[in-house]
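Let me begin by presenting the structure, written as structure tokens, before commenting on it.
The values are calculated or read from the model by the stated rules, or taken from the named source; none is laboratory data. Keep in mind that this is a model prediction, so the values were computed, not measured. Backbone-built Cβ (ideal geometry, glycine too); neighbour counts: all protein chains shown. Keep in mind that these areas ignore ligands, DNA and RNA; they rest on the heavy atoms of the full protein, side chains included. Shrake-Rupley method; radii C 1.70, N 1.55, O 1.52, S 1.80 Å.
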Amino acid sequence: MRFIHSGSTRRRAAFAALATSAALVLSACGGGAATEGGGAEGGSGSDGEQTITFIPKQLNNPYTDVVLGGGEDGASEAGFASSEVVGPLDASASSQVSFINAETQRGTNVIVIAANDPDAVGPALEEARTAGAKIVAFDSDTNPDYRDLFVSQVNAKDVALIQLELISKQIGGEGEVAILSATANATNQNEWIKFMEEELAANPEYAKIKLVAKVYGDDDDTKSFQEAQGLLQAYPNLKGIISPTTVGIAATARYLSTSEYKGKVALTGLGLPNEMRPFVKDGTVKEFALWDPAQLGYVAAFAGKALADGSITGEVGDTFEAGELGEREIAEGGIVLVGPPTVFTTENIDDYDF
């Protein structure tokens, strides 16, 4: 796995600070959201130049900042006249609708969205498409009826299986485990959890592993920390926690690292190397996984440009060039895969900077 956009780290930090400041101003005015952009005010530009807007699940999320950094670079390289980032400060089901409506009114050519709820955003996306916008889902899919294609991290089942493999290895193949997820409506989280549950039920290698609880931290650091604490209090025999969310795994690791459970309760899931490094170094976490988040935004930008140019329609077999990452092909279900996950350990975590 190669992190393309290491040069964008400072820009992403600046973006996060800007988003926080803007959020405070908008909250004071009754808004409760932030906007960051680069380029013309209008949607399609006075000369018909194309514009793209990214709508993440929520702003002020370290994982999202990395994804948006890749999107920013991809939009520039693909040739968009301007790119914008807008979105909510919370990941509730309907929090993205007003932002989609605003982009429709602006005449934005391409909307790239990570859906908090696959159906809640549907009517607004349908209106945007009717108005001429191309819709690219990334990271967390919408209902397929509402978008042109979906840029996925990796095959969803592979994401689920690698987390099961890691937790099984760390707890010796038996014992009680729990899942600390993001929001209850998150498409990607629910798909991974579904595959985990199916594999636990069907694979004899996991016959002695019992999933005792699923809890939701809503991708909020404080709530995730409290949910982790609650799991250990409610299940004294718990041997491991899987947290398939970068916010959740970091919050859980922080709790475990100063608790009596450090070294006794295993933790794995999906995390950012820069956030998880101290917990790997101090022995709280042995292994966890993730793909390169920047590539999601990067590929989504090129996919949006290809759709806007009319060089692809989102049909199975369509191909487009994604800059440094080369050709990508649209698979069944209108899905574009980015790349395989990487497992991070004490041996390799210092090789990554995101």
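In the chain, what percent of the accessible surface is made up of carbon and sulfur (1.4 Å probe, ligands and nucleic acids excluded)? Of all accessible area on the chain, carbon and sulfur atoms account for 48 percent. Label-to-label distance for LYS214 and GLU49 is 4.6 nm, based on points extended 7 Å past Cα in the beta-carbon direction. In summary, the lysines within cross-link reach of LYS157, defined as a Cα separation below 16 angstrom excluding same-chain residues under 8 places away, comprise LYS194. Per-residue surface analysis assigns GLU227 an accessible area of about 50 Å², computed on protein heavy atoms at 1.4 Å probe radius.
Set the Förster distance to 41 Å, then compute FRET efficiency between GLN105 and ALA331 from the Cβ-Cβ distance, nearest 0.05. The partial results should precede the final answer.
Details: r = 33 Å, r/R0 = 0.81.
The pair GLN105/ALA331 has a calculated efficiency of 0.80.
Reducing segment 196-217 and segment 253-331 to their Cα centroids gives an inter-centroid distance of 23 Å. If you line up the long axis of helix 221-234 against the longest principal axis of the chain, both from Cα atoms, how many degrees apart are they, to the nearest 10? Roughly 30 degrees between the two axes. Per residue, the convex hull spanned by the Cα atoms of segment 212-261 measures out at 68 cubic angstrom.
Could you work out [θ]222 nm for the chain from helices alone, using -39500 (n - 2.57) per DSSP H run of at least four and dividing by all its residues? Round to the nearest 500 deg cm²/dmol.
Values: 10 runs with 139 residues, N = 354.
After summing the helix terms and dividing by residue count, I get -12500 deg cm²/dmol.
For GLU287, the accessible area of its heavy atoms, probed at 1.4 Å with every protein chain present, is near 30 square angstrom. As an equivalent ellipsoid, segment 162-309 spans semi-axes of 27, 18, 14 angstrom, where each value is the square root of five times an eigenvalue of the C-alpha gyration tensor, largest first.
Averaging over every viewing direction, what projected area does the convex hull of the Cα atoms of segment 228-354 cover, in nm²?
Numbers: hull surface 38.0 nm².
If you wrap the Cα atoms of segment 228-354 in a convex hull and average its projections, you get 9.5 nm².
With contacts taken as Cα pairs under 8 Å at a separation of at least 6 residues, the chain carries a relative contact order of 19 percent. Counting only heavy atoms of the protein chains and using a 1.4 Å probe, PHE150 has close to 20 Å² of accessible surface. Straight-line cross-link partners of LYS134 among the aspartates and glutamates, defined as a Cα under 13 Å from its Cα and at least 8 positions apart when in the same chain: GLU103, GLU126, ASP145, ASP148, ASP309.
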